[in-house]
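Worksheet: one structure, shown below.
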Amino acid sequence: MLGLPDVLSVLLRVLSLILVLQAAGAALFAALQGRDLSGSRRATRRLGRIAAIAGAVCVVGHLALQAGRLAGDLSGALDGSLLELEVNSRAGAAAGLCLLGLALIAVGLSFDGRAGRAESGISRTAAVVGAALVVASFALTGHTSVSPHRSILASLLTLHLIIVAWWFGALPPLYLASLMESPATAGRIVDRFSSVAAWLVPGILLAGLALAALLVANLGVLRRPYGELLLAKLGGFALLMGLASLNKWRLAPAIARSEGSALLAFRRSVAAEIALIAAVLAVTAVMTTFFSPE
């Protein structure tokens, strides 16, 4: 039976996944498409900074609650010996690497992009390195870190998550662009993003399927909670691909043509994508916290 530390721990895990991937994705979006932005540049960078700071709080809180789970009571979150045990574990190493990455993102996104060339280059590099560290931290824990195939699993997980972060992290900036940029600029930004996404996003599915093939011993797992949650993730991804296709082939060209209803339809589509990805991340948090592929 789940206790209060378990429930709070998985809730913070969900929040931390959403926030740290949003921060990493915002950093990547700002580095790759920041120069295309004018009216929404500062709002995009501020969003990334806020996500990085809030994500850091959730990462620390989740680590403390893991100590509470060990004790079976919330008091364990304040027990020095249990906290030391968590800090010195793989989870502690992963949290430390993630916090370093989030700090670099927050610092790198502190510049509005109109600073001197050298200063802008340094801040952009810091944010991108921070995003890479955040993604790399996930490979230090979980089922992939203890598998005999951990080297290839770590590579697949990193590829999987860097694309997820780039996609998920770009959605709120795209929403802001649709609100704050001219229709022509917004259409150009959406079209450029969609063109890259058409090539990269299928990599999420391919890397995810390869991870599942290496982790899942037999198809019987699909009849157990881990497998059922895995299938739920695949269903969510199928819906996301449908929305992404709508954005690419219908809404982006309509925005560029300044069709009156296109921007509103695009915002609704992006909001649905954000909600779906958040739901998939919630399923992931539950699956990896309470269940195992074995």
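The values are calculated or read from the model by the stated rules, or taken from the named source; none is laboratory data. None of these values were measured; they are calculated from a predicted model. FYI the Cβ positions are ideal-geometry reconstructions off the backbone, even for glycines, and counts take in every protein chain you see. These accessible areas exclude ligands, DNA and RNA; they are computed on the full protein's heavy atoms, side chains included. Shrake-Rupley method; radii C 1.70, N 1.55, O 1.52, S 1.80 Å.
Things to note:
- Taking Cβ atoms as reference points and 15 Å as the exclusive limit, the residues near residue 253 contribute a net charge of +3, counting Lys and Arg as +1 and Asp and Glu as -1.
- Taken per residue, the accessible surface of the chain reaches 47 Å², heavy atoms only and a 1.4 Å probe.
- A run of the chain free of exposed loop cleavage sites, with trypsin sites (Lys or Arg not before Pro) counted only in DSSP states other than H, G, I, E and B and at most 15 other beta carbons within 10 Å, reaches its longest extent at 115-256.
- The 1.4 Å probe gives accessible areas that order 44, 141, largest first, as 141, 44.
- In units of the compact-protein estimate 2.2 N^0.38 Å, segment 9-65 shows a Cα radius of gyration of 1.27.
- Positive minus negative residues near residue 230 (Lys, Arg vs Asp, Glu; Cβ under 13 Å): +2
- Of 84, 181, 273, the one that fluctuates the most in a GNM where the chain has Cα springs shorter than 10 Å: 84
- Whole-number D in µm²/s for segment 125-235 (Stokes-Einstein; Kirkwood sum over Cα pairs; 10 °C, 1.306 mPa s): 99
- Global form of segment 197-239, assessed from the alpha-carbon gyration tensor, a/c cut-off 1.5: oblate
- When shorter helices are ignored and each DSSP H run of at least 4 residues is given -39500 (n - 2.57), the per-residue value for the chain at 222 nm works out to -27000 deg cm²/dmol.
- Solvent-accessible surface ranking, highest first, for 259, 228, 86 at 1.4 angstrom: 228, 259, 86
- Each part gets one Cα centre, and for segment 41-114 versus segment 240-294 those centres are 26 Å apart.
- For segment 209-215, 3J(HN,Hα) per residue [Karplus equation, 6.51 cos²θ - 1.76 cosθ + 1.60, θ = phi - 60°, Hz, x = Gly/Pro]: 5, 5, 4, 4, 4, 7, 8
- The chain: most fluctuating residue of 206, 37, 219 per GNM, C-alpha cutoff 10 Å: 219
- Annotation: amide H of residue 224 has no partner in the under-5 Å range at sequence separation 5 or more or interchain, hydrogens built in the peptide plane.
- Note on residue 110 and residue 125: their simple-model spin labels are 1.8 nm apart, each label 7 Å out from Cα toward Cβ.
- Cβ-Cβ distance of residue 60 and residue 209, R₀ of 30 Å, FRET efficiency by 1/(1 + (r/R0)^6): the value works out to about 0.35.
- The chain: most fluctuating residue of 101, 68, 80 per GNM, C-alpha cutoff 10 Å: 80
- Cα-based convex hull, the chain, per residue volume (Å³, whole number): 128
- Charge tally around residue 74: other residues with Cβ under 15 Å, Lys/Arg +1 each, Asp/Glu -1 each, net -3.
- Inter-label distance for residue 42 and residue 217, nm, one decimal - labels placed 7 Å from Cα along Cα-to-Cβ: 5.8
- Length gained on full extension, residue 84 to residue 4: 26.7 nm, using 0.36 nm per residue less the C-alpha separation.
- Förster radius 25 Å - calculated FRET efficiency between residue 268 and residue 231, Cβ distance, rounded to 0.05: 0.40
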